[in-house]
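Novice: First, the structure itself, so that you have it in front of you.
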Amino acid sequence: MKKDMTEKKDVKSMTLPELEEELKSAGEKAFRARQMYEWVHRKLVRDFDGMTNLSKSFREFCRERYFLTALIPVQVQESKIDGTKKFLFELADGNVVESVWMKYHHGNSVCISSQVGCRMGCRFCASTLDGLERNLLPSEMLDQIYAIQLLTGERVSNVVVMGTGEPMDNYDNLLVFLRLLTDENGLNISQRNVTVSTCGIVPRMRQLADEKLQITLALSLHAATDEKRRELMPIANKYSIAELMDACAYYFEKTGRRITFEYSLVGGVNDSDEDAARLSALAKPLNCHVNLIPVNPIKERSYVQSEGTRIRAFQNKLEKNKINGTIRREMGRDIDGACGQLRRKHIGSLQELGGK
């Protein structure tokens, strides 16, 4: 982080009660907090000078004491196929993160990143190739959504925390982000319209269940046996599928919210009829939905996408076993749509320039 960010307080990461307490301790009137909060989380102002109903002296006070996270768009790609937009944002410390805006008939959905890079090491994902740089602040997660609303001129109705990073590896910041995102004094996005993905950090899954939020939990499963899952996902060396299924059952018990299994289909690896039968056996005892994802090939790995006929056969096998399974509509394939691809390409370009 830059020096001024470490010395100043992150006002966009504060809840309304925290902001009220902060201003009260600084000798300011409590109603100022509500005014500031509205400017930040409803009017989506990008700097303190934009808070025009606050006095000049108060705005100066804010500039000296706080920083207001405002991500800078570095690159925007728009799909010629479906209008999906992928954004590359620069953070205050020079790091970059990516977010995706997708338009559906039921509203606009944004997929955001929760970390700069990722340390989970999933074999088919570009996000993890360079490891983890750092966690994102709640404000940096929020501002991906705020910036996209301003850039597109359209309201976001659904949020998916499924971009770069493992949300449960940034658990405390994730919780604050969820509270701010769904606060009635802010964007007021329904908890039921928020999905958080995890590769399966079992203790955090149980901890999230105890919060009794109404968000959807999506488990990146990708294999139905421990042996095969360990080949694809290093986290499987720590937590078994049996432990994962227990955590999923616990989440449903505590929240009443149906779990989603994310299952990336990799040609010749996890897409056989036998794989489908095993997946059905795992899903049957749980109230869950299976989201089949044709894997996005990345040049650094040898994995390939399953054939279309194999994908449909896999889905049919699930349906015969009375498992609700859908094939994810592929969005933004022509614009580096997979997690981490655009960021990695950008970093590579900077490295090439630096070497010349």
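Novice: Under 8 Å for C-alpha pairs, at least 6 residues apart: give me the relative contact order for the chain, rounded to a whole percent.
Specialist: Numbers: 645 pairs, mean separation 52.7, N = 356.
This gives 15 percent for the chain.
Novice: Okay, moving on. Mind checking which of E38, E78, E60 has the largest fluctuation in a GNM of the chain, springs on alpha carbons under 10 Å?
Specialist: E60
Novice: GNM, the chain, Cα, under 10 Å: largest mean-square fluctuation among S79, S197, S139?
Specialist: S79
Novice: Counting helices only, and only those DSSP H runs with n ≥ 4, report the 222 nm mean residue ellipticity of the chain as the sum of -39,500 (n - 2.57) divided by its residues, in deg cm²/dmol to the nearest 500.
Specialist: Values: 12 runs with 133 residues, N = 356.
Calculated at 222 nm, the ellipticity per residue is -11500 deg cm²/dmol.
Novice: Among V97, V110, L219, pick out the residue whose Cα is farthest towards the positive end of the charge dipole of segment 72-355, where Lys and Arg carry +1 and Asp and Glu carry -1 on C-beta, about the Cα centre.
Specialist: L219
Novice: Out of residues 5 or more away from T69 or on other chains, whose amide H comes under 5 Å of its own, with H placed 1.01 Å from N in the peptide plane?
Specialist: Sorted by chain and number, the residues that satisfy this are V11, K12.
Novice: Something else now. Considering only DSSP beta bridges where both residues belong to the chain, give the percentage that are antiparallel (nearest 5).
Specialist: Numbers: 21 of 47 bridges.
Roughly 45 percent of the DSSP beta bridges within the chain come out antiparallel.
Novice: Can you flag which of K103/K320; K80/K103; K284/K317; K24/K212; K284/K320 are past 20 Å Cα-Cα?
Specialist: Working: K103/K320 31 Å; K80/K103 13 Å; K284/K317 13 Å; K24/K212 31 Å; K284/K320 12 Å.
Pairs exceeding 20 Å: K103/K320; K24/K212.
Novice: Given H placed on each backbone N at 1.01 Å, which residues far from S197 in sequence or on other chains put an amide H within less than 5 Å of it?
Specialist: V161, A218
Novice: Take the alpha carbon gyration tensor of segment 3-67, find the square roots of its eigenvalues, order them as a ≥ b ≥ c, and report rounded if a/c is under 1.5; if not, report prolate when a/b exceeds b/c, else oblate. If you can, show how the numbers build up before the last one.
Specialist: Numbers: a/c = 1.19, a/b = 1.07, b/c = 1.12.
Since a/c stays below 1.5, the shape of segment 3-67 is classed as rounded.
Novice: How large is the charge dipole for the chain, taken about the Cα centre, if only the Cβ atoms of Lys, Arg (+1) and Asp, Glu (-1) carry charge, to the nearest 20 debye?
Specialist: Values: 52 positive and 48 negative charges, 107 e Å.
For the chain, the charge dipole is close to 520 debye.
Novice: When the chain is modelled as a GNM with alpha-carbon springs shorter than 10 Å, which of L44, L282, L54 fluctuates the most?
Specialist: Sorting by GNM fluctuation, first place goes to L54.
Novice: In addition: On full extension of the chain, what length is gained from R63 through R206, given 0.36 nm per residue of separation minus the C-alpha to C-alpha distance? Walk me through the numbers before you get to the answer.
Specialist: Numbers: separation 143, 0.36 × 143 = 51.48 nm, distance 3.99 nm.
Result: 47.5 nm gained on full extension.
Every number here is computed from the coordinates shown, using simple stated rules; none is lab data. All figures in this text were calculated on a predicted structure; none of them were measured in a lab. Don't worry about glycine lacking a Cβ; one is built from the backbone with ideal geometry, like all the others, and counts go over all protein chains shown.
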